[in-house]
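Before any comments, here is the structure.
The values are calculated or read from the model by the stated rules, or taken from the named source; none is laboratory data. Please read these numbers as outputs of a predicted model, since none were measured by experiment. Counting neighbours? That spans all protein chains shown, and the Cβs are built from the backbone with ideal geometry, glycine included. When the accessible area is computed, the model is the full protein with side chains, heavy atoms only, and any ligands, DNA or RNA have been set aside. Shrake-Rupley method; radii C 1.70, N 1.55, O 1.52, S 1.80 Å.
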Amino acid sequence: METEAPSRSGDGWSRVGKTLPVRNVQALAACTDELNAKGLERYIRPDIDDSQVLAAEQSGEVPAIDLRRLLDPDHLEEEAARLRSACEDWGFFQLVNHGVPDEIIANVKRDIQEFFKLPLEVKNAYAQRPGDLQGYGQVFVVSEDQKLDWSDRFAIYAQPPEARDLSYWPTHPHSFRKSIEDYSSELMQVANYVVIFIAKTLHIDTELMEDKYVCQTLRMNYYPPCMSLAEKVLGFSPHSDASFVTLLLQVNPVEGLQIRRHGAWVPVKPHPKALLVNVGDFLEIMSNGAYKSIEHRVTINANQERLSISAFHVPSFDGIISPATRTPEEKVLYKTMKVKEYAELYMSNKRDGKRTLNHAKLL
Ligand SMILES: O=C(O)CCC(=O)C(=O)O
Ligand SMILES: [Fe+2]
């Protein structure tokens, strides 16, 4: 793989996105007067096709991959074969025995829940940079007519350390910074293992995913319940992630995530002990399509809120990614491009399935 001395600055993403500020959905959901009003129109989607949603018995469950077995020479080969098949067939897997201490997970879950309970003004104080992705209540909205997602998000750049701007890290509740910091470092280690084992199954060069280059963004997602309109709104529009891999922690055990599989939507059952890992767009490009970045969306519950935290692991912003073929005959399917170039495309497009990846394909 071609690489160009990648810089370690990880804050590039904050500069490429142009977003419009949107309303806080949690506050909107709490305000019953407005719930039937015109203001809700932008959230209502005439095109949700629920006939395509499979029941769990029909679809099977997302496979579980055991990190402890991958790290054990006696079981490595067998587990790596299961990892390859999970990446090829599903693009998603539940990572069990990931080794992140229970206490670190419990702390970050508690603090995220506490954070979203805070008064709106306190949370809004963390959205100081309009048009930036880093901040409360800011989402990817690129046009005035775009349908809005029924969720609030709060993203922070966590790694590398010099890309952080701690002034945007919440200090309410007071333990939040520390719990994010602990969780972020643990996830760096887990993601590093995941990348190493994925690379082994593919023979791709993952220099750009090494600790010294990789960028990690943590995004906390809050999906308020929507009593009257749960079936008509979406918490997250169908999209694929602009990451190499994403590691998702379900903060509370409410269903909502669905993944696109064989043309249908398959609900993912929350797994209390796992981190849900998915193949992102950069891995699809770098594996020349051997592992596909899978489209997913989030539906809304009528009575219960849902919370999650996504950790996006992304190659250095100044790096160059190119597809690795396995045989000399294999056709190259994707362009070689700067990570920055891909990020700009991603951020200037509406979240619309795998639209950005289609731009990265060679005709
Ligand atoms: O909340 C979830 O389950 C998924 C969130 C997601 O897809 C994302 O943050 O990109
Ligand atoms: Fe996602």
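Hey, among the residues in region 313-332 that are touching a residue at least 60 places away in the same chain (Cβ under 8 Å) and among the aliphatic types (A, V, I, L, M), which one's farthest from Val277 (Cα to Cα)?
Ile320
How about region 309-363: which of its residues are hydrophobic (A, V, I, L, M, F, W, C) and assigned to a loop (DSSP other than H, G, I, E, B)?
Listed by number, the residues that qualify are Phe317, Ala324, Val332, Leu333, Leu362, Leu363.
Just to verify a result, which residue in region 155-205, among those that are among the acidic types (Asp, Glu) and touching a residue at least 60 places away in the same chain (Cβ under 8 Å), is most open to solvent (accessible area, probe 1.4 Å)?
Looking at the filtered set, the residue picked out is Glu162.
Any residue in region 226-235 that is crowded, with 18+ Cβ neighbours inside 10 Å, more than 12 Å from ligand 1 (Cβ to nearest atom) and in contact (Cβ under 8 Å) with a residue 24 or more places away in the chain?
Yes.
Is region 206-217 home to any residue that is open to solvent by 10 Å² or more (accessible area, probe 1.4 Å), free of Cβ contacts under 8 Å to residues at least 60 places away in the same chain, outside any loop (DSSP other than H, G, I, E, B) and out of contact with any Lys or Arg (no Cβ under 9 Å at 6 or more places or on another chain)?
Within region 206-217 (the criterion being open to solvent by 10 Å² or more (accessible area, probe 1.4 Å), free of Cβ contacts under 8 Å to residues at least 60 places away in the same chain, outside any loop (DSSP other than H, G, I, E, B) and out of contact with any Lys or Arg (no Cβ under 9 Å at 6 or more places or on another chain)), the answer is no, since none of the residues qualifies.
Being basic (Lys, Arg) and modelled with pLDDT of 90 or more is the filter here, so list the residues in region 327-363 that pass it.
Within region 327-363, Lys331, Lys335, Lys338, Lys340, Lys361 meet the criteria.
One line per residue, one yes/no per condition, for (1) within 16 Å of ligand 2 (Cβ to nearest atom); (2) at pLDDT 95 or above:
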{"residue": "Asp165", "(1), (2)": "no, no"}
{"residue": "His172", "(1), (2)": "no, no"}
{"residue": "Glu181", "(1), (2)": "no, yes"}
{"residue": "Ser184", "(1), (2)": "no, yes"}
{"residue": "His203", "(1), (2)": "no, no"}
{"residue": "Lys212", "(1), (2)": "no, no"}
{"residue": "Arg219", "(1), (2)": "yes, no"}
{"residue": "Leu229", "(1), (2)": "no, no"}
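For every residue, the table says whether it meets (1) crowded, with 24+ Cβ neighbours inside 10 Å; (2) out of contact with any His (no Cβ under 8 Å at 6 or more places or on another chain).
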{"position": "Trp265", "(1), (2)": "no, yes"}
{"position": "Val277", "(1), (2)": "yes, yes"}
{"position": "Arg297", "(1), (2)": "no, no"}
{"position": "Ile321", "(1), (2)": "yes, yes"}
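Taking the stated definitions as given, is Lys354 out of contact with any Cys (no Cβ under 9 Å at 6 or more places or on another chain), surrounded by 19 or more Cβ atoms within 10 Å (Cβ to Cβ) and not hydrophobic (A, V, I, L, M, F, W, C)?
Values: out of contact with any Cys (no Cβ under 9 Å at 6 or more places or on another chain): yes; surrounded by 19 or more Cβ atoms within 10 Å (Cβ to Cβ): yes; not hydrophobic (A, V, I, L, M, F, W, C): yes.
The answer is yes for Lys354.
Looking at region 301-312, I want the residues that are among the hydroxyl-bearing types (Ser, Thr, Tyr) and have a partner that is within 12 Å of ligand 2 (Cβ to nearest atom) and open to solvent by less than 10 Å² (accessible area, probe 1.4 Å) with Cβ atoms under 7 Å, at least 6 apart or on another chain. Which pairs are those?
Cβ pairs passing all conditions: Ser308/Asn221; Ser310/Asn221; Ser310/Thr246.
Just give me the residues in region 279-294 being buried (at least 23 other Cβ atoms within 10 Å of the Cβ) and either aliphatic (A, V, I, L, M) or free of Cβ contacts under 8 Å to residues at least 12 places away in the same chain (or both), in sequence order.
Val279, Leu283, Ile285, Met286, listed by residue number.
Taking the criterion of being in a helix (DSSP H, G or I), at pLDDT 90 or above and of a type in the set (D, E, K, R), would at least one residue in region 99-108 satisfy it?
Scanning region 99-108, I find at least one residue that is in a helix (DSSP H, G or I), at pLDDT 90 or above and of a type in the set (D, E, K, R), so the answer is yes.
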